[in-house]
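See below for the structure under consideration.
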Amino acid sequence: MANELKIIVPKSRKERNQFLLLPWEIYKGDPYWIPPLRMDQEELTGYRYNAFYIENRIQNFLALRNNKPVGRISAILNVGHLNRYHDGIGFFGFFESIDDQEVADALFEAALQWLAQQGATKIRGPMNPSMNHTLGLLIDGFDSSPFFMMTYNPPYYEKLIENIGLRKSQDLYSFWGQIEMLPKVREKWLVPCEKIIERYGVNVRYLRKKNFAEDVRLFLDIYNRSLSNTWGFVPYSEAELTQTAASLRYLMVPELAVGVELDGQLVGASFCLPDYNPRIKAINGRLFPFGWYYLLRKKSELKRIRIVSTNVLPEYQMMGLGLVLMNALVPCALDWGIKEAEFSWVLESNTYSRGSLEKGGAVRNKTYRVYDMPIEPPKQGK
């Protein structure tokens, strides 16, 4: 039948490849799109081992029209989220579609039915697959490529999703700055930071090259423990921490990670990642056979960074240590020769961080949206 649309669960190797490779069709010719790392996508969508799926579950759906892939979506049951919040929320992620409402409607219908069968009463997303990974739908800032590990999508996705009935739950922002801003910003920070360091006996230290793997794990542990009161946050499990630390040790650089200690204990940490996206684009997302080498060689040549995380343990968060961390990153950036930096992401409800960045002269350059919608109970007999 001409124009036949069907939704399938990818099972064969061919169908799984169609699911994974669909973005290359959707974004063909888009100068700002950065392809995902293919092996990474296999892990995050459940087709390779990922520690996230030890406890949690995912169901992928592929839309075919006349047997040609035209859309995809994943329904995600985050057990850790449900155990923490008891709110009945299931998630969607990895959504891609041609500009066709029928395709989007059919994909979401499949995801909603699956989540309802798992007992979910509300859907939230996009999460790919959680808040500890990439998330949010880009709704503002389509005139440039994303920084490393940030999302990108066509403008029409907003229309497709909102036509289904999903509504804003929370916005996330990214803030952009140039190196020329730093000396002036540091003038404002320097004296207050020196007073904080002297008052509390703060020791500022950088990620140790000799204990690199250990420090990466320590920095992630600070991240895990410090965000306990953040909207929607679910801590990494021990298995996820181990896997994430193993991945980040190749991507992080000691010169762009700083911590603060009190009485010999690490209580806050901030780290940046070089913007690997131009290199990922050059290798078209392929790490093998030689993509790994090209991606990670001569990291010092990468002059854009993403400030991924600046976190302080809850019991120390009113001492100004976040300011000390940001101040300590300035000489790191200057020594590295950084030209641009992005602070991402920042929740719209995080008025303290937003205000600090805006006062420092950072420009809000992109907005990402997370959506919610109630789920109707599953129909009898289904």
Practice task
Go through the stretch 214-228 residue by residue and tally those that are surrounded by fewer than 17 Cβ atoms within 10 Å (Cβ to Cβ) and not in a helix (DSSP H, G or I).
Solution key: 1
Exercise for the section: May I ask you to list the residues in the stretch 171-230 that are of a type in the set (Phe, Trp, Tyr) and within 26 Å of the chain's Cα centre (by Cα)? Expected result: 173, 175, 176, 206, 212, 219, 223
Problem - One residue from 42, 15, 109 being under 20 Å from the mean Cα position of the chain (by Cα), farther than 18 Å from residue 137 by Cα and among the acidic types (Asp, Glu) - result: 42
Completion exercise
Those residues of the stretch 292-329 which are surrounded by fewer than 19 Cβ atoms within 10 Å (Cβ to Cβ), closer than 22 Å to residue 178 by Cβ and more than 22 Å from the chain's Cα centre (by Cα) amount to 300, 301, 323
Handout entry: Filter result (open to solvent by 30 Å² or more (accessible area, probe 1.4 Å), at pLDDT 85 or above and either on the phi > 0 side of the Ramachandran plot or part of a strand (DSSP E or B) (or both)) within the stretch 355-382
Key = 363, 364, 365, 369, 374
Exercise for the section: Could you tell me whether the stretch 282-291 includes any residue that is among the β-branched types (Val, Ile, Thr) and open to solvent by 10 Å² or more (accessible area, probe 1.4 Å)? Expected result: yes
Handout entry: All positions within the stretch 18-39 that are within 23 Å of residue 109 (Cβ to Cβ) and either open to solvent by 30 Å² or more (accessible area, probe 1.4 Å) or within 17 Å of the chain's Cα centre (by Cα) (or both)
Key = 18, 25, 26
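Okay, residues lined up against (1) under 25 Å from residue 33 (Cα atoms); (2) small (Gly, Ala, Ser):
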| residue | (1), (2) |
| --- | --- |
| 269 | no, yes |
| 292 | yes, no |
| 303 | yes, no |
| 308 | yes, no |
| 332 | no, no |
Handout entry: Search result, residues across the stretch 316-339 that are part of a helix (DSSP H, G or I), in contact with a helix residue (DSSP H, G or I) (Cβ under 9 Å, 6 or more places away or on another chain) and within 19 Å of residue 273 (Cβ to Cβ)
Key = 322, 326, 328, 329, 330, 331, 332, 333, 334, 335, 336
Practice task
Tell me which residues, restricted to the stretch 50-63, are open to solvent by 10 Å² or more (accessible area, probe 1.4 Å), without any contact (Cβ under 8 Å) to a residue 60 or more places away in the chain and not polar (S, T, N, Q).
Solution key: 53, 61
Practice task
Could you check, for the stretch 305-315, whether at least one of its residues is among the basic types (Lys, Arg), in a strand (DSSP E or B) and at negative phi?
Solution key: yes
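The values are calculated or read from the model by the stated rules, or taken from the named source; none is laboratory data. On a predicted model such as this, the values are computed, not experimentally measured, just so you know. Note: ideal-geometry Cβ built from the backbone for every residue, glycine included; neighbour counts use all protein chains shown. All accessible areas refer to the heavy atoms of the entire protein, side chains included, with ligands and DNA or RNA removed. Shrake-Rupley method; radii C 1.70, N 1.55, O 1.52, S 1.80 Å.
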